[in-house]
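Here the structure is laid out as structure tokens; the discussion comes afterwards.
The values are calculated or read from the model by the stated rules, or taken from the named source; none is laboratory data. From a predicted model like this one, the values you see are computed outputs, not experimental measurements. As a convention, Cβ positions derive from the backbone with ideal geometry for all residues, glycine included, and neighbour counts pool all protein chains shown. Surface accessibility is based on the protein's heavy atoms, side chains included, excluding ligands, DNA and RNA. Shrake-Rupley method; radii C 1.70, N 1.55, O 1.52, S 1.80 Å.
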Amino acid sequence: VSLRSAPDGFPAGGPSAAIIGGGPAGLMAAEAMAGRGVAVEVFDAMPSVGRKFLLAGKGGMNLTHSEPLERFIPRYGARAEPFATLLAEFGPDAVRRWADSLGIATFVGSSGRVFPSDFKAAPLLRAWLRRMKAMGVAFHVRHRWLGWDDYGALRFATPAGERAVEASSTVLALGGASWPQLGSDGAWVDLLATRGVVVAALRPANCGFDVEWSEIFRGRFAGQPLKTVALSFAGRTVRGEAMITETGIEGGAVYALSADLRDAIARDGNAVLSLDLKPDWSEARLAEALSRPRGAKSLSTFLEKTAQLKGVAVGLLREGEVPAEPARLAGLLKDIKLTLLRPRPMAEAISSAGGVPFEELDGSLMLTRLPGVFVAGEMLDWEAPTGGYLLTGCLATGHRAGLGAAAYATAPR
Ligand SMILES: Cc1cc2nc3c(=O)[nH]c(=O)nc-3n(C[C@H](O)[C@H](O)[C@H](O)COP(=O)(O)OP(=O)(O)OC[C@H]3O[C@@H](n4cnc5c(N)ncnc54)[C@H](O)[C@@H]3O)c2cc1C
């Protein structure tokens, strides 16, 4: 990379490649490029790289998933097609081998998800950065990318003032727009749009939703988990855990349905989610249990004794009218309807949907409108559920973009 403030004055030897964004996608691109012998400089707006990657470590660091590729690929929904080739090149097994090559063993949890053996992100990131530095990759933090100047150089705001950087090829890996305090704020959308790149609006993904709880329910149950429930929406059912919040509902099972729920709310104004509070029991078994005489028991005691339901589950039931007749009560416990009003704000989401569509890119993830500029990670227009698919998608696209940018930087021109 050459630093300059005017169009002249390039150093002899020419500029090297720039990676903007030091998240997992940008770092994987940097490593792929350095591996091809290209001089690489990584720029990031924050005082250190990989902040969201480290945060993922707080939740156990789910790196990838162990299911076979034919089940893995459809997790990318409408983008399964480009991901089929991306994952054939750098898929879940490659992710595990890569972690292993950094001295971090991985294991498959009972859910099939893959984690580092210590569930931590920091040792992995430390080893990765150490290896890249040994390969000659240079890091420039507190460099906020501002777009391009009139001469096509990259503009950065730094504590020492603005800098212009000439690069032989550029990988943009600026992330989505969730958790902006960690660096990814989506400000790049306007920077690319002004250069004629079509960008699909960023939307929250793997997010919670607002529900209008009664004051009593919110006061008593916000912060409490609903363990082993089954949630259904639009013909899909997901078993797992959900969490009641002050404003609504969140958690793994909700996230798994969140793309469909979000799109339905955008289309119809709200979405009705169905909750089965007793997914392991058939409705008939539940109805039979509930047909025992209640006597003088309160509803809570009766439900606890007959169906082992208590606390937040009974609270949820009480948010509506409770039928006395056993068959109807059983039906309701297996189909509590929750009206979701809106997704939680982007800043709270695990990831974001939208971004640069694959139609704007060639097969090496280079922007067709901006030759020499490649895009990777969450800033591309794809989404996937939690379960390791997000990091794997970021690493796979980072790898592809890095190889493309390396080829571009070294091609005779
Ligand atoms: C709480 C939480 C837990 C998660 N847990 C998991 C998990 O267990 N498994 C999983 O697969 N995924 C998980 N994810 C998702 C995963 O962390 C992200 O999908 C992934 O980090 C995205 O990688 P990225 O490289 O595309 O972007 P990011 O990691 O967001 O990195 C982008 C980088 O670009 C920099 N940047 C942005 N704009 C500029 C600019 N203008 N100039 C310079 N630099 C800029 C940012 O500072 C940042 O360092 C989790 C996310 C969250 C929020």
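Couple of notes before you dig in:
- Checked against (1) in contact (Cβ under 8 Å) with a residue 60 or more places away in the chain; (2) assigned to a strand (DSSP E or B); (3) of a type in the set (S, T, N, Q), residue 228 passes all but a single condition, namely (1).
- Being of a type in the set (Val, Ile, Thr) and open to solvent by less than 60 Å² (accessible area, probe 1.4 Å) is not true of residue 108.
- Residue within the stretch 149-162 that is surrounded by 17 or more Cβ atoms within 10 Å (Cβ to Cβ), touching a His at 6+ places or on another chain (Cβ under 7 Å) and at pLDDT 95 or above present: yes
- Every residue from the stretch 138-170 that is in a loop (DSSP other than H, G, I, E, B), charged (D, E, K, R) and within 13 Å of the ligand (Cβ to nearest atom): 142
- Check on residue 182, among the hydrophobic types (A, V, I, L, M, F, W, C) and crowded, with 20+ Cβ neighbours inside 10 Å: no
- Candidate set from the stretch 367-390 (those that are surrounded by 24 or more Cβ atoms within 10 Å (Cβ to Cβ), hydrophobic (A, V, I, L, M, F, W, C) and not in a loop (DSSP other than H, G, I, E, B)); member that is nearest to the ligand (Cβ to nearest atom): 390
- Residue tally, condition open to solvent by 60 Å² or more (accessible area, probe 1.4 Å) and either among the β-branched types (Val, Ile, Thr) or within 14 Å of the ligand (Cβ to nearest atom) (or both), over the stretch 68-103: 3
- Residue match in the stretch 210-224 (condition: open to solvent by 30 Å² or more (accessible area, probe 1.4 Å), in contact with a helix residue (DSSP H, G or I) (Cβ under 7 Å, 6 or more places away or on another chain) and basic (Lys, Arg)): yes
- Residue in the stretch 342-362 that is in a loop (DSSP other than H, G, I, E, B), surrounded by fewer than 24 Cβ atoms within 10 Å (Cβ to Cβ), within 16 Å of the ligand (Cβ to nearest atom) and hydrophobic (A, V, I, L, M, F, W, C) present: yes
- The stretch 188-207, subset of a type outside the set (S, T, N, Q) and open to solvent by 50 Å² or more (accessible area, probe 1.4 Å), residue nearest to the ligand (Cβ to nearest atom): 190
- Of everything in the stretch 19-67 that is surrounded by fewer than 21 Cβ atoms within 10 Å (Cβ to Cβ) and polar (S, T, N, Q), the residue that is farthest from the ligand (Cβ to nearest atom) is 66.
Quick grid of which residues meet (1) β-branched (Val, Ile, Thr); (2) more than 30 Å from residue 77 (Cα to Cα):
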position	(1), (2)
310	no, yes
313	no, yes
335	no, no
347	no, no
392	yes, no
406	no, no
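- Selection from the stretch 252-299 of residues that are open to solvent by 60 Å² or more (accessible area, probe 1.4 Å) and among the β-branched types (Val, Ile, Thr): 272
- Residue in the stretch 182-199 that is under 18 Å from residue 398 (Cα atoms), at pLDDT 95 or above and among the aromatic types (Phe, Trp, Tyr) present: yes
- Checked against (1) within 22 Å of residue 48 (Cβ to Cβ); (2) in contact with a strand residue (DSSP E or B) (Cβ under 8 Å, 6 or more places away or on another chain); (3) outside any loop (DSSP other than H, G, I, E, B), residue 181 meets all criteria but (2).
- Among the criteria (1) open to solvent by 10 Å² or more (accessible area, probe 1.4 Å); (2) out of contact with any strand residue (DSSP E or B) (no Cβ under 7 Å at 6 or more places or on another chain), the one residue 243 does not fulfil is (2).
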